[in-house]
1. Any idea which of Thr240, Thr203 is modelled with pLDDT of 95 or more and not assigned by TED's automatic domain parsing to the domain that holds Thr182?
2. Can you confirm whether the stretch 232-242 contains a residue that is touching a residue at least 24 places away in the same chain (Cβ under 8 Å), surrounded by fewer than 24 Cβ atoms within 10 Å (Cβ to Cβ) and within 20 Å of Thr183 (Cα to Cα)?
3. Kindly check whether there is at least one residue in the stretch 391-400 that is within 21 Å of Lys430 (Cα to Cα), at pLDDT 95 or above and among the charged types (D, E, K, R).
4. How do the strands (runs of 3 or more DSSP E) wholly within the stretch 339-412 filter down when requiring 1 or more residues that are of a type in the set (Val, Ile, Thr): which remain?
5. Does Val361 satisfy the criteria of being among the hydrophobic types (A, V, I, L, M, F, W, C), in contact with a helix residue (DSSP H, G or I) (Cβ under 8 Å, 6 or more places away or on another chain), at pLDDT below 95 and crowded, with 16+ Cβ neighbours inside 10 Å?
6. In contact with a His (Cβ under 8 Å, 6 or more places away or on another chain) and not in a helix (DSSP H, G or I): is that true of Pro304 in this structure?
7. Give Thr161, Thr130 a once-over and let me know the one that is surrounded by fewer than 22 Cβ atoms within 10 Å (Cβ to Cβ) and closer than 13 Å to Ile94 by Cα.
Amino acid sequence: MNSSRLRTLASGAAAVALMMLAAMVALAAPAGSAAASDGRAGAGRGWSGTWATAQQQPRAGNDFQGPNWSLKGFADESVRQVVRVSAGGSRVRIRLSNLYGTKPLRVAGATIAKAGEGAALRPGTVRPLTFRRSPSTTIPTGRAATSDAAPLSTAPLEKLTVTLYFAEPTGAATFHEGGFTTTYRAAGDHRFEGGAEAFAGETSHSWYYLTGVDVAGGHGRAKGHGRARGAVVAFGDSITDGAFSTPNADNRYPDELAERLVAAGVPMGVLNAGINGNMLLTDSPCFAGEKGVTRFQRDVIGQPGVRTVIVLEGINDIGLGGVDTGCGTPPVMTAEQLIKGHRALIRAAHAHDIKIIGATVTPVKGNEYGYDTERNEAVRDALNRWIRHGGEYDAVVDFDRALADPADPDALLPAYDAGDHLHPNDAGMKAMAEAIDLDTL
């Protein structure tokens, strides 16, 4: 990656032995150890995740990714966020996180509605949200909260809008940087306002505090509209997160997978736990979040109704190893170290009766960030051989071969290349979703 972009990436690395020890401790923690102040996310029968995003530490925006509101947070402001759900239901609830907050988070009120155009809401669909039957809640630092159920019949692939009102200064906000979806804010309390006028000012491309939307109950009898049969989590880095896909178009590969499931009549949620720049074995608080072996407990095992996870991790460990990124130098990783990290995820998933699917690491030949070296390609090839033939994952999806140019298998097919010879474009995202055998889910 060029120097200006590298300065936005991973923090300094700890010794590999210490990282692996910490990973084992984190993955051994019981599910729900980061319990919500209003009940842990998975509590209660019949709930399944229908939308999710991974949490990141607040940090400044930059020229590459654009500005965000995470450092300053909010005060006497309403934040309106639009999400597209993957499975439907007759009841909904939301999950909020203050994982990286510097003080208790006071949520003065919240609503959920069916989305209209932009920041507008569909008339007659606004529902107030409560937390333990109270319209407000306080979330301690490092904790999460789950709302009570709200009656709102929701169809698969429908867009919902969550509006949060913060009467008091929040301080720095736990957020997800790469939302690739427009978020709105307005001064004052506009939770129940159906129009978009108040939100005509600033917008952001990130999600704030909102980490999940869950559904329960069936939605009609139409094909694919029955009670959700649990959820599949897509776990990974920027490719899973949807970097370089078209903003506000829901063309990330997990979105495309959700569309395939609906078309096949399978009422299953698809949850995106990708983080731009994420690494399997190295923390990156200034850019790409906690390492995969640590956040797996929260972002996969802690999801309501999770049955299956698809893991696509490792290319940033390979490409950034030994590189001064401007906020630390990740260690050089061998294929053996990365395989140990993947094995840790497999053990954690199986300990919680979650099926785990390994995804091969995609091509990087010609990559402009410096990922394409002879050594890096050898590590990528060795890791992919183990994923394909090691027999330790419950199933394999071969994203490498799905995206590769048949004339040059180490490179992305030009029709799937977003332009940096690393990230797939919209067509590539669709090809990834089509490579997944739905029966394995």
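The values are calculated or read from the model by the stated rules, or taken from the named source; none is laboratory data. Bear in mind that the values here come from a model prediction, so they are computed numbers and not experimental data. Methodologically, a virtual Cβ is constructed for each residue, glycine included, from the backbone with ideal geometry; neighbour enumeration extends over all protein chains shown.
1. Thr240
2. Looking for residues that are touching a residue at least 24 places away in the same chain (Cβ under 8 Å), surrounded by fewer than 24 Cβ atoms within 10 Å (Cβ to Cβ) and within 20 Å of Thr183 (Cα to Cα), one finds at least one in the stretch 232-242, hence yes.
3. Yes - at least one qualifying residue is present in the stretch 391-400.
4. Counting at least 1 such residues, we get 355-359, 395-397.
5. no
6. Numbers: in contact with a His (Cβ under 8 Å, 6 or more places away or on another chain): no; not in a helix (DSSP H, G or I): yes.
When the stated conditions are applied, Pro304 does not pass them.
7. Working: Thr161 fails: surrounded by fewer than 22 Cβ atoms within 10 Å (Cβ to Cβ).
The conditions single out Thr130.
Condition check ((1) touching a residue at least 60 places away in the same chain (Cβ under 8 Å); (2) over 25 Å from the mean Cα position of the chain (by Cα)) across all residues:
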{"site": "Gly358", "(1), (2)": "no, no"}
{"site": "Val364", "(1), (2)": "no, no"}
{"site": "Asn367", "(1), (2)": "no, no"}
{"site": "Asn376", "(1), (2)": "no, yes"}
{"site": "Ala382", "(1), (2)": "no, yes"}
{"site": "Asp405", "(1), (2)": "no, yes"}
{"site": "Gly419", "(1), (2)": "yes, no"}
